[in-house]
Amino acid sequence: MVKERHARFGFRLPERGGASAHPSQVAGANGPTIRFVTDGHPAAAPDRTTIGEALEFGQSAPDHMSMLFYPNPTPESLAELGTEWDLHPVLVEDLILGKQRPKLERYGDVLFLVVRAAHYVDEIEEIDFSEFHILMRPGAVAIICQDARWIDGQSSEVLDKDHPFASTLRDASLLGGINLLGLGPEAVIYRLIDAVVDGYGPVLQGLEIDKEQIERQVFSGEKTVTERIYRLTQEVIDLQQTISSMTVILDRLKAGFDKYEIPEELQKYLDDVSDHLMHATTHVRDLRESLTQILNVNATLVAQQQNEDMKKISGWAAILFAPTLIGAIYGMNFDDMPELHWALGYPMALGMMVLLAVVLYVVFKKSKWM
């Protein structure tokens, strides 16, 4: 069934449990980085450990767990994971195609989770989102970087094999809370979600700084600020949608505490993550409201400036209309126009034009139309 469904992707799926391992099934050969966890203590898997062997280790004892990390997955490596883990064809297709919305789904004993990490690129004022797929089953967890980037924005080219597991990487580390690993694969998922949620903080700070800069631009009267407001608002909306999806995911995880017998320590840990996400939710909502208010203020200021410009245009039009009117009257071809035969007729007409223009200018100047 899996083979038939994925024949269109241009590769053949290996036989599960075959005598020899496909090269890409072996860690380090375009396959995953594998860690074995025994009683909460992680260790590197032996060289050339296959995906199937990692799963067998994780299911061999209650205190065993295997962790698989795909920094730069290929369709072939994901299809092999689907074969070794006996994943549902629809799930395998989602893994291969990527571009999934944040969600939580269950396929039998397999939990499928999609989350989006965020990294703010201040130079272009854009949020760079990274999609992660997490698969969990009893005794094993797999983390797939669909965009070939880690939570901290590092690309696969600079990721070494220990990057997501090194405790020196602070919040970007899956093993930052090693004491939790003894609680099972759920601990890895919760740790990853915690790192993703913590990553929203620097993004919000970057957006906040740009918002303050925009406020100064608005009140200084810069003409190009409107486009910047629109662009930043779009980034805030994208982040708000991502955070809202994460809120739904956390709510569903918390709803399954009793059903799946999640340890109390992990429950408290996820509650703390939920609190952090709530702060991010409030912050991004306030940012969006602030940008909406800034846009309204900018529109008011632009309208005021346009009104001032219209006053000046109208004032100059009136000033120019007065001499034009006099010239038009005396330019008519009537026979009985005594002023045309006066010796002072021409100077009088010019004087009236200048006088009316000066009077109108003084009036408009006092009315602050000029």
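Throughout, read-outs are computed from the coordinates displayed, never taken from laboratory work. Bear in mind that the values here come from a model prediction, so they are computed numbers and not experimental data. Neighbour counts run over all protein chains shown; Cβ positions are idealised from the backbone, glycine included.
Amide H contacts of GLU126 (H built 1.01 Å from N, in plane; Pro and chain starts excluded): VAL121 sit under 5 Å, all sequence-distant by 5 or more or on other chains.
Rounded to 0.05, the FRET efficiency of the PHE257 and ARG216 pair, given R0 = 41 Å and the Cβ-Cβ distance, is 0.30. Multiplying the residue separation of LEU301 and ASP286 by 0.36 nm and removing their Cα-Cα distance gives an extension gain of 3.2 nm. Phi angles across segment 101-111 convert, under the Karplus curve 6.51 cos²θ - 1.76 cosθ + 1.60 with θ = phi - 60°, into 3J(HN,Hα) values of 6, x, 6, 9, 9, 10, 10, x, 8, 9, 9 Hz, Gly and Pro given as x.
Annotation: the residues VAL203, VAL362, sorted from fewest to most other C-beta atoms within 10 Å of their own C-beta, follow the order VAL362, VAL203. Peptides 308-317, 73-82 ordered by packing proxy, namely the average of other Cβ atoms within 10 Å per residue, highest first: 73-82, 308-317.
In summary, the lysines within cross-link reach of LYS312, defined as a Cα separation below 27 angstrom excluding same-chain residues under 8 places away, comprise LYS223, LYS365, LYS366, LYS368. Per residue, the average separation of C-alpha pairs within less than 8 Å and at least 6 apart gives segment 96-149 a relative contact order of 28 percent.
Of GLY331, ILE313, TYR346, which is farthest towards the positive pole of segment 301-366's charge dipole, taken about the Cα centre with +1 and -1 on the beta-carbons of Lys, Arg and Asp, Glu respectively? Checked the options; the winner is ILE313.
Taking 0.36 nm per residue of separation and subtracting the Cα-Cα distance, full extension of the segment from ALA357 to LYS268 would add 24.0 nm. Using R₀ = 25 Å, calculate the FRET efficiency as 1/(1 + (r/R₀)^6) where r is the Cβ-Cβ separation of ALA318 and GLN293; round to 0.05. Given R0 = 25 Å and the Cβ-Cβ separation, E is 0.10.
For LYS99, the lysines whose Cα falls under 28 Å of its own Cα, not counting residues fewer than eight places away in the same chain, are LYS3, LYS161, LYS254.
Applying 1/(1 + (r/R0)^6) with R0 = 35 Å to the Cβ-Cβ distance of ARG106 and SER155 gives a FRET efficiency near 0.65.
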